[in-house]
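Enquirer: Structure incoming, see below.
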Amino acid sequence: MNQSAFHKLSYGVYIVSTWDNGKPTGCTANSAMQITSSPATIAVSINHNNYTNKCISETGKFAISILAEDSDPSIIGTFGFKTGKEADKFTEVKYSVEDYMPIVSDSCAYIVCEVIDKMETSTHTVFLGEVKGAEVFGSRDAMTYAYYHKVIKGKSPKNAPTYIPEEEKKPEEGKERRFKCEVCGYIYEGEELPVDYKCPVCGMGADRFTEI
């Protein structure tokens, strides 16, 4: 089976958020889709290991911040490679409360939903939400999963529905050296890794990179 075929499916890049005892929390997701038009219903898939899964189950609500192509890539790393159990992710990312839910400010649109049903798989919960509010911010283009991989060169967290382990590639003789972020898997290519370099995906410093 060639799992690369899954990358041909259309995905976006989203921050799914909710409340944790009055504090905003959330995670990066790429599996969200509209199921019905009237009433408008959205489905999102959240890994059982994600703290956001527990919080959505408890609050019965979730919001989707749709990231744009020019959104700061570090937002993806903040919400995708850290856990809400240990980190207050929204202290690192500007947000506002829209339709009573936390929304990432650096996004091109948002959708707020109330959970009406859910389906359990072996690794993920698919939450079905009836749309209670939505808005578009400007005319920015939404980021696609393909854009995230090809242009930003980001990696999928292991909890993502679309995660596929990638084989390590050794640089060809005479080619630039390659350094891998130990946290998110981002690859930096160049003669040297600058000592003050910050990973554009998860924000980690040069000390968290290993040459491969």
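Enquirer: Please go through segment 29-41 and pick out each residue that is more than 21 Å from the chain's Cα centre (by Cα) and touching a residue at least 60 places away in the same chain (Cβ under 8 Å). Even if it seems obvious, please write down each step before you answer.
Expert: Filtering segment 29-41 down to residues more than 21 Å from the chain's Cα centre (by Cα) leaves 36-40.
Residues satisfying the conditions are P39, A40.
Enquirer: For segment 202-212, give me the residue count where each residue is over 18 Å from V93 (Cα atoms) and assigned to a loop (DSSP other than H, G, I, E, B).
Expert: The qualifying residues number 1.
Enquirer: For segment 48-69, state whether one or more residues are within 20 Å of C199 (Cα to Cα), polar (S, T, N, Q) and open to solvent by less than 10 Å² (accessible area, probe 1.4 Å). Quick ask: steps written out before the conclusion?
Expert: Here is the first cut: in segment 48-69, the ones within 20 Å of C199 (Cα to Cα) are 67-69.
Right, trim to polar (S, T, N, Q) and you get none.
For segment 48-69, residues within 20 Å of C199 (Cα to Cα), polar (S, T, N, Q) and open to solvent by less than 10 Å² (accessible area, probe 1.4 Å): absent.
Enquirer: If you don't mind, there's one more thing I want to ask. Out of the strands (runs of 3 or more DSSP E) lying entirely within segment 53-136, which hold 2 or more residues that are among the hydroxyl-bearing types (S, T, Y)?
Expert: Values: elements: 61-66, 95-98, 101-104, 109-120, 124-136.
Because the criterion is at least 2 residues that are among the hydroxyl-bearing types (S, T, Y), the strands (runs of 3 or more DSSP E) in segment 53-136 that meet it are 95-98.
Enquirer: Moving on. Which of the numbered conditions does V44 fail, given that it passes all the others? Conditions: (1) aliphatic (A, V, I, L, M); (2) open to solvent by 10 Å² or more (accessible area, probe 1.4 Å); (3) farther than 23 Å from E182 by Cα.
Expert: (2)
Enquirer: Quick one: count up the residues across segment 110-163 that are among the basic types (K, R), touching a Cys at 6+ places or on another chain (Cβ under 9 Å) and either modelled with pLDDT under 90 or buried (at least 17 other Cβ atoms within 10 Å of the Cβ) (or both). Explain how you work it out, then say what you get.
Expert: Initially, segment 110-163 is screened for residues among the basic types (K, R), giving 118, 132, 140, 150, 153, 155, 158.
Narrowing further to those that are touching a Cys at 6+ places or on another chain (Cβ under 9 Å): 132, 140, 155.
Still in the list and also either modelled with pLDDT under 90 or buried (at least 17 other Cβ atoms within 10 Å of the Cβ) (or both): 140, 155.
The qualifying residues number 2.
Enquirer: Condition test on G26, is it in contact (Cβ under 8 Å) with a residue 12 or more places away in the chain, surrounded by 18 or more Cβ atoms within 10 Å (Cβ to Cβ), in contact with a helix residue (DSSP H, G or I) (Cβ under 8 Å, 6 or more places away or on another chain) and assigned to a loop (DSSP other than H, G, I, E, B)? Full working, then the answer.
Expert: Working: in contact (Cβ under 8 Å) with a residue 12 or more places away in the chain: yes; surrounded by 18 or more Cβ atoms within 10 Å (Cβ to Cβ): yes; in contact with a helix residue (DSSP H, G or I) (Cβ under 8 Å, 6 or more places away or on another chain): yes; assigned to a loop (DSSP other than H, G, I, E, B): no.
No, not satisfied.
Enquirer: Sticking with this one: Go through the residues of segment 43-55 one by one and say whether even a single one is more than 22 Å from E92 (Cα to Cα), within 13 Å of the chain's Cα centre (by Cα) and at pLDDT below 90.
Expert: No, every residue in segment 43-55 fails to be more than 22 Å from E92 (Cα to Cα), within 13 Å of the chain's Cα centre (by Cα) and at pLDDT below 90.
Enquirer: Mind checking which residues of segment 164-201 are open to solvent by less than 100 Å² (accessible area, probe 1.4 Å), assigned to a loop (DSSP other than H, G, I, E, B) and either modelled with pLDDT of 75 or more or over 29 Å from H48 (Cβ atoms) (or both)?
Expert: P171, G174, E176, Y186, L193, P194, Y197, C199, P200
Enquirer: Still on this structure, please answer the following. Does any residue of segment 42-65 turn out to be without any contact (Cβ under 8 Å) to a residue 40 or more places away in the chain, of a type outside the set (A, V, I, L, M, F, W, C) and under 16 Å from V131 (Cα atoms)? Quick ask: steps written out before the conclusion?
Expert: Quick first cut of segment 42-65, residues without any contact (Cβ under 8 Å) to a residue 40 or more places away in the chain only: 51-52, 54-55, 58.
If we keep only those that are of a type outside the set (A, V, I, L, M, F, W, C) too, we end up with 51-52, 54, 58.
Those still in the list that are under 16 Å from V131 (Cα atoms) too: none.
No, segment 42-65 contains no residue that is without any contact (Cβ under 8 Å) to a residue 40 or more places away in the chain, of a type outside the set (A, V, I, L, M, F, W, C) and under 16 Å from V131 (Cα atoms).
Enquirer: Kindly establish whether S10 is hydroxyl-bearing (S, T, Y), more than 18 Å from G133 (Cα to Cα), modelled with pLDDT of 95 or more and not in a strand (DSSP E or B).
Expert: On the way: hydroxyl-bearing (S, T, Y): yes; more than 18 Å from G133 (Cα to Cα): yes; modelled with pLDDT of 95 or more: no; not in a strand (DSSP E or B): yes.
Against the criterion (hydroxyl-bearing (S, T, Y), more than 18 Å from G133 (Cα to Cα), modelled with pLDDT of 95 or more and not in a strand (DSSP E or B)), S10 does not qualify.
The values are calculated or read from the model by the stated rules, or taken from the named source; none is laboratory data. The model shown is predicted, which means the values in this text are computed figures rather than measured ones. Reconstructed Cβ throughout: ideal geometry from the backbone, glycine too, with neighbour counts over all protein chains shown. Ligands, DNA and RNA are stripped out before the accessible areas are found, and what is left, the full protein with its side chains, is counted by its heavy atoms. Shrake-Rupley method; radii C 1.70, N 1.55, O 1.52, S 1.80 Å.
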